[in-house]
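Heads up, the thing below is written out as structure tokens.
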Amino acid sequence: MSTDRDVQRILKSWLHEDSYEDANHVLNRVLDSLDDVPQRRPWWPVRRFLAMTPTTRFAVATASLLVVAVIGISLFTGRNVASPSLPTPEPTPTATASEAAPQPWSLGNDFFVSATVDVSGSDWNQYYASDTQAGVISRSEDAWLWLTTGVQPYENPCGLPSPPLEVGPSVDNLIDALAAIPVNVSPVTETSVDGYPAQHMTFSAPAAREGCEDGEFRMWRWNNLYNHGVGPVGETRVWVVDVDGTRVLIVLEDRGTPQESAELEQMFDSIRLAPAGETG
Amino acid sequence: MDTELVARAQNGDKEAFAELADAIAQRFLATSHRILRDINLAEDATQQALLAIWRDLPQLRDPAHFEAWSYRLLVRACYAEGRHQRRWAPNLRVLPTETAATSRPLDAVVDRDQLERGFRRLSLNHRTVVVLHHYLDLPLDRIAEALGIPVGTAASRLHYAVRQLRAALDADARPATREVAQ
């Protein structure tokens, strides 16, 4: 057995080993782009305001209120203090992400199941991690849709990492394992995805994860990929679909903006599935 | 750090910023590389952090706090890059079998690969504290200032990181291992 001191000594030595980073090209890229990045000037010195004496603070606040009141009254009565003819703002048509036509994304012949998703908007990235892992993730990474064969749940999401549970190959095996995760989980409901029978459940965020041993809450491990935790808000929805004998796990995590949520729903509704080698 | 240089850069002096960036870029890249364990992500994090420093520098009230403030921006950039890596980068790893085995002294078995595997299993929060403390030699109070967390939290993260790494190294030190099947 090692001691913490052993580990710290070895760790320190390892971190100080030679490495070959060269920051020059990063530096050049930064300096080349300075003209495109304006500096942010503090427009309202909040901290200075808080540091003022109460009398000064009151005077500044009163003056601000008066200015707002004068402008408000002027607008309300149709008169304008600063300019006799304020331009009337008119709506300008802009191309929003949601207006862009969805682009079909086919996961290719090597993927474990034939699947196509119509990717909505332009703020989504497509990830093909392996022939059993792929999905669409919003630029903010707060919303995503993922398709895989299954996951390995942890018995104790709040404990330090330990080998997760192995799960059998069937839909029921996976559903049972997911339902056993000690987290808020909805009842399992029978449904369908693209006409294939599916079972659905929703995981809600735990109230807190501060009590977890290392501050991490891990629900499951993707097929030997990274741990998945439920964040402090939002929910994770899963569907386990039986595509003519191929088990497909679809996971939707939605902590994004209303637009991202709407696009996520559209993409989920657009999923087309078929056994591998067939057209979805 | 030269506070006069910082003050000049705050006022939009690009030559002053270039000098400032030149002084910190190498250290930033080395630090982010050690946190993220990926040179491409580290370069992106360093670039984002330097640009964020330029952009937000006028909002830094006291140039004397530049170092802690700039580390905070670097760590934020690392977290932003690391979230991407954390969720999606493949992390196939060898797990110990359940068979009982006698442990050997750590020094006898630990190697770079084991350290790499163990370190990658740490969360970004934990890696960051470890790197700031054991690589940059920052004391806990300065780490806390840089990360905007209480000193106790910094100490706790360091403690758990070492404990977790120790557990991982001890587990790896067991002779029999098997690859986890999908």
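No lab work stands behind these numbers, since they all come straight from the coordinates. These figures come from a predicted structure and were not determined experimentally. Cβ coordinates were reconstructed from backbone atoms using ideal geometry, including for glycine residues, and neighbour counts include every protein chain displayed.
A protection proxy built from the mean count of other Cβ atoms within 10 Å ranks the segments A:171-181, A:22-32, most packed first, as A:171-181, A:22-32.
Between B:ASN11 and A:TYR127, the simple label model (points 7 Å from Cα in the Cβ direction) yields a spacing of 4.6 nm.
Remark on A:ALA115: its backbone amide H falls under 5 Å from those of A:LEU107, A:GLY108, a criterion applied only to residues 5 or more positions apart or on other chains, H modelled at 1.01 Å from N.
FRET efficiency for A:ASP32 and B:ALA68, Cβ-Cβ distance as r, R0 = 30 Å, nearest 0.05? In this case the efficiency is close to 0.60.
With R₀ fixed at 60 Å, the C-beta to C-beta distance from A:THR189 to B:GLU4 puts the FRET efficiency at about 0.35. Look at the stretch B:159-168: the mean tally of other chain Cβ atoms within 10 Å of its residues' Cβ atoms is 5.
Exposure proxy check: B:VAL151, B:VAL130 ranked by fewest other beta carbons within 10 Å?
So the ranking, lowest neighbour count to highest, is B:VAL151, B:VAL130.
This ranking places A:MET219, B:MET1, A:MET201 by how few other beta-carbon atoms lie within 10 Å of each, fewest first, which gives B:MET1, A:MET201, A:MET219.
3J(HN,Hα) along the range A:150-155, derived from phi through the Karplus expression 6.51 cos²θ - 1.76 cosθ + 1.60 where θ = phi - 60°, amounts to x, 9, 10, x, 9, 5 Hz, with x in place of Gly and Pro.
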